[in-house]
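For reference, the structure discussed in these notes is given below.
The values are calculated or read from the model by the stated rules, or taken from the named source; none is laboratory data. The shown structure was predicted, so the numbers you read here are calculated from the model rather than taken from an experiment. All Cβ positions, glycine included, derive from the backbone under ideal geometry; neighbour counts span all protein chains shown. With ligands, DNA and RNA removed, areas are computed over all heavy atoms of the protein, side chains included. Shrake-Rupley method; radii C 1.70, N 1.55, O 1.52, S 1.80 Å.
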Amino acid sequence: MERPPPPDVLAAFGATTPLEPLAGGQRRVWRSGEVVLKPLDVSEEELRWQAAVLADLDGATDLRVAPPVPSTEGALVVAGWTAWRYEPGSPPRVAQYGDVIAAGRLLHHHLARFPRPPFLDRRHHPWAVADRVAWGEGDVDDDGGRLPHVRTLLAVRRPLGLADQLVHGDLTDNVHLHPELAPLVLDLTPYWRPPSYATAVVVADAVVFRGAPLDLVDRVRAVEGEPFVQLLVRALLFRAVTDHLLAPEKDEQWVDWFGPASRYVASLAEA
């Protein structure tokens, strides 16, 4: 467990209730009453953009968001920490990924009116690099042949002519559900891709990391249509390349984890 926010940070954000750690967020997220605190993990430019978009979405009747909370002096960042409004909800269970996908569709209906964020081209973290690789805008170094699942997917990737818009590229664990409230969307992670790509990332995460059966692919494909297979190819590439960049020492593990889903989706793409 990472260290909690220090007293001066708590005071700056008006957090007076005893702290409790929250699950997720790489074990760095803390709740104090109606405020959730976590270290800044994006650029301040991106944080300001998130604040503006979430303020615009706040109050929607079909979904909930949790905008950042400014300090008593109006700052969004204090000593490297940010604060966010607490909203109730729980991470999805395996059987609830259909609800996550449905919430993503609602979100992307709202996001369709927003322009492309200018900072996307300046991001060079592993997730941004992997996103470009997945869409043929960059390459991954695999001279050692450590990534057969990546080669399998690259071999079946085909051009797509779908329209791009603002999407949340990390919905899988960032849609929280509540029996009496609209779904809660957290940690808006922007990419400029077709909205169904965000659905494909959820499906890829569910079958690779969360124990969902491969027939989830077929059930969602039946709703999304044929282009969804190529979006799944890209979603699996995105996650596979990200994990390789973050932890190349685990490449043998990644082969085992991604292999079944990659081979199954590749067989659909070749059919």
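Applying the selection to region 145-168, what residues are free of Cβ contacts under 8 Å to residues at least 60 places away in the same chain and open to solvent by 60 Å² or more (accessible area, probe 1.4 Å)?
Residues satisfying the conditions are Arg151, Pro159, Gly161, Ala163, Asp164.
With respect to Gly138, is the statement that it is of a type in the set (Gly, Ala, Ser), open to solvent by 60 Å² or more (accessible area, probe 1.4 Å) and either touching a helix residue (DSSP H, G or I) at 6+ places or on another chain (Cβ under 7 Å) or under 30 Å from Ala66 (Cβ atoms) (or both) true?
no
Which condition from (1) open to solvent by less than 50 Å² (accessible area, probe 1.4 Å); (2) farther than 18 Å from Val167 by Cβ; (3) within 16 Å of the chain's Cα centre (by Cα); (4) not β-branched (Val, Ile, Thr) is the one that Ala128 breaks?
So the condition that Ala128 fails would be (2).
Looking at region 63-83 only, could you name the residues that are touching a residue at least 60 places away in the same chain (Cβ under 8 Å) and touching a strand residue (DSSP E or B) at 6+ places or on another chain (Cβ under 9 Å)?
Leu63, Arg64, Val65, Ala66, Trp81, Ala83
Can we say Leu120 is modelled with pLDDT of 95 or more, aliphatic (A, V, I, L, M), in a strand (DSSP E or B) and open to solvent by less than 30 Å² (accessible area, probe 1.4 Å)?
So Leu120 does not fit the description; no.
Can you tell me which residues in region 171-184 are among the aliphatic types (A, V, I, L, M) and out of contact with any Lys or Arg (no Cβ under 7 Å at 6 or more places or on another chain)?
Leu171, Val175, Leu177
Go through region 117-135 and report how many residues are without any contact (Cβ under 8 Å) to a residue 24 or more places away in the chain and among the small types (Gly, Ala, Ser).
1
Write out, first by first residue and then by second, each pair whose Cβ atoms fall under 6 Å of each other, whose residues are 6+ apart or on separate chains, and whose first residue, in region 169-193, is within 27 Å of Arg122 (Cα to Cα) while the second is acidic (Asp, Glu) and in a loop (DSSP other than H, G, I, E, B).
Hits for this filter: Asn174/Asp187; Thr189/Asp170; Trp192/Asp164; Arg193/Asp164.
Restricting attention to helices (runs of 4 or more DSSP H) lying wholly within region 187-271, give those where 3 or more residues are open to solvent by less than 60 Å² (accessible area, probe 1.4 Å), within 17 Å of Asp131 (Cβ to Cβ) and out of contact with any strand residue (DSSP E or B) (no Cβ under 7 Å at 6 or more places or on another chain).
The helices (runs of 4 or more DSSP H) meeting that bar are 195-209, 227-246.
Considering only strands (runs of 3 or more DSSP E) fully contained in region 1-104, which possess at least 1 residues that are out of contact with any His (no Cβ under 7 Å at 6 or more places or on another chain), open to solvent by less than 60 Å² (accessible area, probe 1.4 Å) and among the polar types (S, T, N, Q)?
Ranges flagged: 30-32, 81-85.
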